[in-house]
Amino acid sequence: MNALEIRDLSKSYGDFKLDRLNLTLPNGCILGLVGENGAGKSTAMKLILGMLKKDGGSVRIFGNDDNASLEKLKEDIGVVPDEIGFPEFITAEKVNRIMKKMYQNWEETVYFDFLKKLDIPKERKFKEYSRGMKMKLGIAVALSHKPRLLLLDEATNGLDPVARDQVVELFSEFTRQEDHAVLISSHIVSDLEKICDYIAFLHKGKLLLCEEKDRLLEEYGMTHCTRQQIVELMPEAVIGRRESTYSVEALVKRSMMPAGWEVSPVSLEELFVFMVKAS
């Protein structure tokens, strides 16, 4: 069973349109949704959670269609929004008391273990937290009621490099159980490159691609050559280019390159940037 199936999901407001988004997230996998600010990542998350009314399309979570109440799936979904919203004067210790009443599957011991692991003070008021500390508290809550699906909207934003590496490892550990899955959006592509099984590129509300990460990195590469040499290549082989006075750096399809032509590996960040410029 797939954890999440999105078909032709659409939403328009103002001058923005999320245009017929299609994504599939299998169980046991992490799907990274990459896009610049304003690409539609948060809109997609809110539509999945029913926080916005969609204009068209469908969302299925663990096989449940749009008519299924998200309330009955509440226990199964851990959510970390881009802004963590708790009352200013609440403490992490009081958050525990509230969540015990909200979730039947709330695990108090697990929650306090996460507070310790993520170095979150139990007694400090929420208003005194840094942005990164607020995000870590949101992550601790999301992981502490036995969820099967994590929906993470810019969940590494505001974290220092050490903390980012720590929470990324937590997400990776989460999907070691075959019935768990993660959808994580971010504009920090390097975080997603470490842990994701699938990558989706979203640009101005349109899906540029969605593919297995390893297959993407096998399919595309970077080449450096002269302007004359780039002209000699098949046009379909060159996805995007960056030219200087004497040379060209280009994103290419490996399968369409001449034998013996040197092609170096491409990072997901380079791949995203070149594809956005070419779109």
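Brief remarks on what is shown
- Residue selected from segment 205-229 under the condition aliphatic (A, V, I, L, M) and either out of contact with any Ser or Thr (no Cβ under 6 Å at 6 or more places or on another chain) or under 27 Å from Gly38 (Cα atoms) (or both), by the criterion surrounded by the most Cβ atoms within 10 Å (Cβ to Cβ): Leu207
- Looking across segment 30-69, the residues that are small (Gly, Ala, Ser) and closer than 21 Å to Gly14 by Cβ come down to Gly35, Gly38, Ala39, Gly40, Ser42, Ala44, Gly50, Gly56, Gly57.
- Qualifying residue in segment 101-116 (condition: part of a loop (DSSP other than H, G, I, E, B) and crowded, with 22+ Cβ neighbours inside 10 Å): no
For every residue, the table says whether it meets (1) of a type in the set (Lys, Arg); (2) closer than 28 Å to Val276 by Cβ.
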{"residue": "Asp113", "(1), (2)": "no, no"}
{"residue": "Phe126", "(1), (2)": "no, no"}
{"residue": "Tyr129", "(1), (2)": "no, no"}
{"residue": "Gly132", "(1), (2)": "no, yes"}
{"residue": "Met135", "(1), (2)": "no, yes"}
{"residue": "Ala140", "(1), (2)": "no, no"}
{"residue": "Arg148", "(1), (2)": "yes, no"}
{"residue": "Val167", "(1), (2)": "no, yes"}
{"residue": "Ala181", "(1), (2)": "no, yes"}
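- Of the strands (runs of 3 or more DSSP E) lying entirely inside segment 143-210, those containing at least 2 residues that are under 20 Å from Leu9 (Cβ atoms) and of a type in the set (S, T, N, Q) span 181-186.
- Any hit, segment 91-101, residues being touching a helix residue (DSSP H, G or I) at 6+ places or on another chain (Cβ under 6 Å) and under 30 Å from Asp214 (Cβ atoms): no
- Near pairs, Cβ below 9 angstrom, 6+ apart or cross-chain, from segment 136-152 (more than 25 Å from Met1 (Cα to Cα)) to any residue that is among the hydroxyl-bearing types (Ser, Thr, Tyr) and assigned to a loop (DSSP other than H, G, I, E, B): Lys136/Tyr129; Leu137/Tyr129
Taken together, the values in this text are just the output of simple stated rules run on the coordinates, not laboratory data. Small disclaimer: the values here were computed from a predicted structure and weren't measured. Note: ideal-geometry Cβ built from the backbone for every residue, glycine included; neighbour counts use all protein chains shown.
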